[in-house]
Each structure stands twice: as structure tokens, then as C-alpha cells.
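*Asks:* Let me begin by handing over the structure; questions about it come next.
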Amino acid sequence: MNSSNDSHVRNNLLQMTDQEFAQLSSFVKTRYGIDLTQKRTMIQGRLTHDLRSRGISSFQEYLNILDNDTSGTEITNLLNRLTTNLSYFLRENEHFDFMTKVVIPQWERTIRNHDVRIWSAGCSAGQEAYTTQMVIHEYFGSHKGTWNTTILATDISMKVLNKARNGIYTHDELKDIPPAWKSKYFVPSGADSLQVCDKIRREVVFKPFNLMDNINFKGGPFDLIFCRNVMIYFDTETKKKLVRRFYDWTKPGGYFFISHSESLNGLDSQYKYVHPAIYQKQV
């Protein structure tokens, strides 16, 4: 029965020709670095219903629409459908333990002006950036006001950035948050949701950014860069280029956090490995 259903689903997908698949893959790879060469069935599955509901009968027709879109709306919708924006609070908690035990104490010793620069690259719906800010507040306590730790959080998906800016999450999305944090850093928002409190939200700036673009943010390099579960979408050469740019935008002594499912092995990185999924730019 299941096999029959699977066959029915496959037969109802809007099919891409080899040329259309190559054209769409090249379009996304060139502009955004995302490698879709092994994702043909996924693309067809995620786009079929949307295209048919809009009266688009072929992928070639859709590619023509993409090519002629000057507003950016079509490519934004495409990226929203093709990228999986899975994130949650306190994800890979070892990173936040390392922050508390090593990174923030290092900031206390070395950053005289108390101005810390942090970048959450590929921030999804904001959980990573907000978690980081809460960890910082927990560490400094009543002295937090003497430190500027505003976080830059970027993503290519406007859909997740809008959710991130609102900072509203269901109780299920907050299941990993300690009860004390919920009381301290969240306020009620409707029957089944909480919103990140103003003091935390004010310290995270969300902006759209394509990691394939040149990095040129005001204020110079960063003390800490997160790029977790993002490079899984890229091929090796794209990863190498991106890691080199991250390295150039990391302060000497600064840290680079990636996902535990990722590695910098084979990427010719100048970062020094210091802990699983944690690297440092040497002073």
C-alpha cells in the first residue's frame, strides 16, 4: 500500500528535464552557493504544488519567471521552499557551555572597551542569537549594562527573519528553555506563545544577507562567529571560500563555531581547532 502511494506521489510531481534541472541548480549555486545537484526529487516535491496552484505548467516556464523577476520575490520564495530552516533554543548546548567557561572570561580579560562583536550567520528564526544573548546576560548579571554585546543575525530567508524579529515562539518551541529563563527573558503572547522580552530583542539586529556576497559590515571583524548547519548546503570549493572570508572577519583570538555535524577538515582553513566544532583565530 505504501509503495503504491509513493509511486502515485512521484507520478504526480511536475517533472524537470535534465536541462531545466541543470539550469535551476546553476542559478541557485551561482547566486547563493547552495549545491542542489543531488536534490532533484526534493526540488520537484517542494515546488510542484506551488507551481500548479499558480497555473505554471513546466519548470521552464518557472525558470523564465525567475530570470525576469526584478523584485526578488520569486527567488525569496524559492529559497524559503528549498532550505530547511530547522533551529531551536540551546541547540548544541556544548557551545554555550564553552562560551560561559572560556569565551566570555577571555572577553573580560582582553576587551577593554567592553564592545563585543558577534555574528550569527544563517540565523534561521533567531533561536541561536537569542540563546547567545541570554547566556551572556546570565554570565554578567547586574554588570551586563556595562557591556555592548549586540548580535548581528543574518539569513537569506525573509520568512524566518520576520519570525525572528517578532521573537514569538510556541511553548513547544521553548521546551528546551529552563523555566527560570522563561520567567526572566520571555513575556506572554497569546494563549500558546511567549515572546522574547524587549531587553533581549533590542540586542539582536536581524538583516537579510547572502553569504555569497562580499562581507563588508560596519565595525570591523568579529569576536565570535556562528555558522552552524549552514555549510551542509555548499560544495567543497564554496565552503573553502566562505571559511576564508569568515577567517578574515574574525578578530585575532576570536572564535568560529560550526555544527557538530560539520568539519573544517580538507578546507585549507587557518583556524586552529580547539574543541569539537569550535575553532579559533590565533593571536
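The values are calculated or read from the model by the stated rules, or taken from the named source; none is laboratory data. Here the structure is a predicted model, which is why all the values come from computation and not from measurement. Cβ coordinates were reconstructed from backbone atoms using ideal geometry, including for glycine residues, and neighbour counts include every protein chain displayed. Just so you know, the surface numbers come from the protein's heavy atoms only, side chains and all, with ligands and any DNA or RNA stripped out. Shrake-Rupley method; radii C 1.70, N 1.55, O 1.52, S 1.80 Å.
*Asks:* Does region 137-150 include one or more residues that are open to solvent by 30 Å² or more (accessible area, probe 1.4 Å), in contact (Cβ under 8 Å) with a residue 24 or more places away in the chain, of a type in the set (V, I, T) and touching a strand residue (DSSP E or B) at 6+ places or on another chain (Cβ under 7 Å)?
*Replies:* Within region 137-150, one or more residues are open to solvent by 30 Å² or more (accessible area, probe 1.4 Å), in contact (Cβ under 8 Å) with a residue 24 or more places away in the chain, of a type in the set (V, I, T) and touching a strand residue (DSSP E or B) at 6+ places or on another chain (Cβ under 7 Å).
*Asks:* Give the residue, chosen from L24, L51, L66, that is over 24 Å from the mean Cα position of the chain (by Cα) and of a type in the set (A, V, I, L, M).
*Replies:* Sole residue among the options that is over 24 Å from the mean Cα position of the chain (by Cα) and of a type in the set (A, V, I, L, M): L51.
*Asks:* Residue check: is N64 part of a helix (DSSP H, G or I), at pLDDT 85 or above, open to solvent by 60 Å² or more (accessible area, probe 1.4 Å) and farther than 24 Å from S259 by Cβ?
*Replies:* Yes, satisfied.
*Asks:* Could we say that D172 is part of a loop (DSSP other than H, G, I, E, B), exposed (fewer than 13 other Cβ atoms within 10 Å of the Cβ) and among the acidic types (D, E) here?
*Replies:* yes
*Asks:* Has region 263-282 got any residue that is touching a helix residue (DSSP H, G or I) at 6+ places or on another chain (Cβ under 6 Å) and assigned to a helix (DSSP H, G or I)?
*Replies:* No - not one qualifying residue is present in region 263-282.
*Asks:* Give just the number: which of (1) in a strand (DSSP E or B); (2) surrounded by fewer than 12 Cβ atoms within 10 Å (Cβ to Cβ); (3) touching a residue at least 60 places away in the same chain (Cβ under 8 Å); (4) not aliphatic (A, V, I, L, M) does G220 not satisfy?
*Replies:* (1) is the only condition that G220 fails.
*Asks:* Consider R245 carefully, then state whether it is outside any helix (DSSP H, G or I) and either at pLDDT 95 or above or closer than 30 Å to T73 by Cβ (or both).
*Replies:* The answer is no for R245.
*Asks:* What residue, among those in region 251-267 that are within 18 Å of the chain's Cα centre (by Cα) and not hydrophobic (A, V, I, L, M, F, W, C), is nearest to D35 (Cα to Cα)?
*Replies:* Only one residue fits best here, namely E262.
*Asks:* Considering (1) loosely packed, with under 13 Cβ neighbours inside 10 Å; (2) among the small types (G, A, S); (3) not in a helix (DSSP H, G or I), say which one S120 fails and leave the rest.
*Replies:* All conditions are met except number (1).
*Asks:* Go over the candidates N162, N229, N214 one by one and state the one that is part of a loop (DSSP other than H, G, I, E, B), open to solvent by 60 Å² or more (accessible area, probe 1.4 Å), at pLDDT below 95 and closer than 21 Å to Y32 by Cα.
*Replies:* Going through N162, N229, N214 in turn, just one is part of a loop (DSSP other than H, G, I, E, B), open to solvent by 60 Å² or more (accessible area, probe 1.4 Å), at pLDDT below 95 and closer than 21 Å to Y32 by Cα: N214.
*Asks:* Any idea how many residues of region 26-61 are at positive phi and open to solvent by 50 Å² or more (accessible area, probe 1.4 Å)?
*Replies:* Within region 26-61, residues that are at positive phi and open to solvent by 50 Å² or more (accessible area, probe 1.4 Å) number 1.
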